[in-house]
1. What is the residue count in region A:254-268 for residues that are closer than 13 Å to residue A:242 by Cα and part of a helix (DSSP H, G or I)?
2. Being buried (at least 23 other Cβ atoms within 10 Å of the Cβ), in contact (Cβ under 8 Å) with a residue 24 or more places away in the chain, touching a helix residue (DSSP H, G or I) at 6+ places or on another chain (Cβ under 6 Å) and over 24 Å from residue A:82 (Cβ atoms) narrows it down to one residue among A:187, A:149; which is it?
3. (1) more than 12 Å from every other protein chain (Cβ to nearest Cβ); (2) part of a loop (DSSP other than H, G, I, E, B); (3) buried (at least 19 other Cβ atoms within 10 Å of the Cβ): which one isn't true of residue A:199, the others all being true?
4. Out of all the residues in region A:126-140, is one or more at the interface with chain B (Cβ under 8 Å from one of its Cβ atoms), more than 30 Å from residue A:55 (Cα to Cα) and in a helix (DSSP H, G or I)?
5. Based on this model, can you work out whether residue B:181 counts as in a helix (DSSP H, G or I), within 14 Å of chain A (Cβ to nearest Cβ) and either crowded, with 24+ Cβ neighbours inside 10 Å or touching a helix residue (DSSP H, G or I) at 6+ places or on another chain (Cβ under 8 Å) (or both)?
6. May I ask you to list the residues in region B:4-19 that are under 30 Å from residue B:160 (Cβ atoms) and free of Cβ contacts under 8 Å to residues at least 24 places away in the same chain?
7. Mind listing just one residue for me: the one in region A:98-125 that is more than 24 Å from the chain's Cα centre (by Cα) and surrounded by fewer than 16 Cβ atoms within 10 Å (Cβ to Cβ) and, of those, farthest from the other protein chains (Cβ to nearest Cβ)?
8. Out of B:216, B:194, B:156, report the one residue that is in a helix (DSSP H, G or I), touching a residue at least 40 places away in the same chain (Cβ under 8 Å), surrounded by fewer than 23 Cβ atoms within 10 Å (Cβ to Cβ) and within 19 Å of the chain's Cα centre (by Cα).
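What follows is calculated from the coordinates using simple rules that are stated; it is not laboratory data. All of these numbers come straight from a predicted model, not from anything done at the bench. Neighbour counts are summed over all protein chains in view; Cβ atoms, including those assigned to glycine, are modelled from backbone coordinates with ideal geometry.
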């Protein structure tokens, strides 16, 4: 089937197409949603193998930008190159974890089946191997699914219904689902959302390890940069329709953020190295379900 | 020969198979069971029981409308069910945001389709009371009056629907449990929403000519729901669902043969009993 990468042949291999060092390039890209312009003339570049956090207040267009990179939202103007091609064409090489609350209690699907769907869910035809080669492929796929579940440390609960797992356990299985096709780009939309602090640190560390070991490029949307400090290479900060990009220390500063927001912003650093952004126009306790710890 | 129940199962089965009408009923019932169990498994998984119920009600205006227009009743079933499926699929597709409000919207539009269908069916029936025996047959089935030709038609429709369901089995499962990721992976989620309702509509149209509009629903819901209580594995669940549906139909027909009461009562009772037992088994496990 076209666009289906062979199993397990990508780890450590050189990227197969496009400019070798660029995973994502936006030039003058504008995105509108329901007639309202959300992002204005963005110019961004993300290198291959980079671990990038996408930050910004709610409604800044973080999820919309991710959906545009997947080709699910069209650009109103400008250009986007994803893995050396047009967004929609790159989809088969992208692992995606959308923003969502979670699966509810009554969802009677096992974690392992959800991960398997990440591998073969888009394939037409019966899931039964009739020829010898089809059976061999199904065996290889089962092994792959098992490996991914081990990689994210979900072996103990992958056979249980996903709706009955904790937020952290669900998130690990969903990361396995996004990784199971050996993507070149991993887009994770708020994977730390709804996790408690130890789980946030553990999942951030896990993603960082995967990024380093397999060379996958990671775009991780987050509400708070602190659990990611020490892991990420760069941040993209969205606010007021515009974007800033660069290392954490260069982007999250009072001057840069004040200019981005068009309002006076202060950035404080606590004794243990945490960053606190003060004065953003967004009300801090707008979302009761999020773990904010400024 | 009178139908008398003995304690010897072989003689009972021989007795059952003596008559052509009983053989046709068993053949048709077997086809219906497999078809309803597979389509119903996806319906229960997708939580579209309300849409399924509406589609089975559509057989009523379909049949009465066709009789009024002087067309074959079967044609009425297929046209009404697939038209309603497409109408519901289109509204669902356009109002399918990720909010709870969107779902209530979908339910409201399905409810509207159902009411309009019932009202139209009643109108057609009162305009044309002489031709049809009455609403009982349409609602509760004519299991024991099936001809060989009808069995062939049923088989053709069932094979077509099952073949298509086989082709879309995995993308449909993906779109049902994880629509957003499926869409990002290039699965045509919206088209599958409509296509599935259409296949469900065709399955219901085919099955309800035999079981009646109301009893087809028992066959669509209870066996898959019981299977999903017992296993989370998709393939095993589908097989269990088919097995349960076969038990329901065969037992229902078998008991009805030796009794004076209608088939539908027995199939529904067996189906309900299976579901209750499956729930109990899961609670005890």
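1. From region A:254-268, those closer than 13 Å to residue A:242 by Cα are A:256-262; that's our starting set.
With the extra rule that they be part of a helix (DSSP H, G or I), the set shrinks to A:256-261.
The qualifying residues number 6.
2. Values: A:187 fails: over 24 Å from residue A:82 (Cβ atoms).
The match here is A:149.
3. (2)
4. Looking for residues that are at the interface with chain B (Cβ under 8 Å from one of its Cβ atoms), more than 30 Å from residue A:55 (Cα to Cα) and in a helix (DSSP H, G or I), one finds none in region A:126-140, hence no.
5. Values: in a helix (DSSP H, G or I): yes; within 14 Å of chain A (Cβ to nearest Cβ): yes; either crowded, with 24+ Cβ neighbours inside 10 Å or touching a helix residue (DSSP H, G or I) at 6+ places or on another chain (Cβ under 8 Å) (or both): yes.
Taking the combined requirement at face value, the residue satisfies it.
6. We begin by selecting, within region B:4-19, every residue under 30 Å from residue B:160 (Cβ atoms); these are B:16-17, B:19.
Listed by number, the residues that qualify are B:17, B:19.
7. We begin by selecting, within region A:98-125, every residue more than 24 Å from the chain's Cα centre (by Cα); these are A:105-106, A:108, A:124-125.
Of the ones still in play, those that are also surrounded by fewer than 16 Cβ atoms within 10 Å (Cβ to Cβ) are A:105-106, A:124-125.
On the way: A:105: 14, A:106: 9, A:124: 5, A:125: 6 Å.
Here the residue is A:105.
8. Testing whether each residue is in a helix (DSSP H, G or I), touching a residue at least 40 places away in the same chain (Cβ under 8 Å), surrounded by fewer than 23 Cβ atoms within 10 Å (Cβ to Cβ) and within 19 Å of the chain's Cα centre (by Cα) leaves just B:194.
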